[in-house]
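Take a look at the structure below.
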Amino acid sequence: MAKDCSFDIVSEIDMQEMDNAVNQTKKEIVQRYDFKGSKANIVLDADSLKLTAEDDYKIGAMLDVLRGKMIKRSVSIKSLDAGKIEPASNSNVKQIISIQNGISKEKAKEVTAYIKELKLKVQTQIMDDKVRITGAKKDDLQNVMQKLKEKDFGIELQYINFRS
């Protein structure tokens, strides 16, 4: 029997780079004229961001600055899932933005269904927050990677642990 090749599909972000992007955003907010005297703040938790400001405009401006900083630091903005803007204390507003780290079960099923539609001789296996692809030929696995890069699943996909 031929030795099988495999690789894993994951969706991970570098939390250190995310922290750096948040810190750069804080610095820019302090320096911007439209935020002078403002109580705008952004806080990074383990898996979410909390934005607070006086109005919707400032929340949107902070989010735009954050996205720009994330792009410069090569952190995918697809990993942000913005919640709705809600009233907070002292006539402020807040927005909770969850950070998507890992592939959800629904997205994993969507990815495996797409791979099965390709009619290649590969097997897929959902393993917690990643998907493992196994096949006898490296060419089939590379073809799967290429097809996945062409399709947008709404999340950033990385390919790791390529074994032959």
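Numbers below:
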quantity: Using a Förster distance of 45 Å, the FRET efficiency for Glu110-Gln31 (Cβ separation, nearest 0.05); calculated: 0.60
quantity: Taking region 15-99 and dividing mean pair separation by its residue count, relative contact order in percent (alpha carbons under 8 Å, at least six apart); calculated: 31
quantity: Stretchable slack from Glu117 to Gln16, in nm (0.36 nm times residue separation minus alpha-carbon distance); calculated: 32.7 nm
quantity: Distance between region 141-164 and region 34-48 - C-alpha centres, whole angstrom; calculated: 35
quantity: FRET efficiency, 1/(1 + (r/R0)^6) with R0 41 Å, evaluated for Asn23 and Arg132 via beta carbons; calculated: 0.70
quantity: Separation of the Arg67 and Ala88 label points, Cα + 7 Å toward Cβ, nm; calculated: 2.0
quantity: Identified option (computed Rg/Rh (Cα atoms, Kirkwood Rh); candidates (i) 1.12; (ii) 0.94; (iii) 0.97); calculated: (i)
quantity: Dipole axis of the chain (+1 Lys, Arg; -1 Asp, Glu on Cβ), positive-most option in Leu157, Asn41, Leu51; calculated: Leu157
quantity: Calculated FRET efficiency for the pair Gln125/Ser74, C-beta based, R₀ 35 Å, to 0.05; calculated: 0.75
quantity: Overall form of region 15-99 per C-alpha gyration tensor (a/c, 1.5; a/b vs b/c); calculated: oblate
quantity: Kyte-Doolittle at least 0.0, axis length at least 20 Å by Cα - qualifying DSSP helices, the chain; calculated: 56-72
quantity: Computed magnitude of the charge dipole of region 73-129 (debye, nearest 20; Cβ of K, R +1, Cβ of D, E -1); calculated: 220
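We did not get these values from a lab; they are worked out from the coordinates using the rules stated. Note that the structure is a prediction, hence the values are computed from the model and not measured. We place every Cβ from the backbone using ideal geometry, glycine too, and count neighbours over all the protein chains shown.
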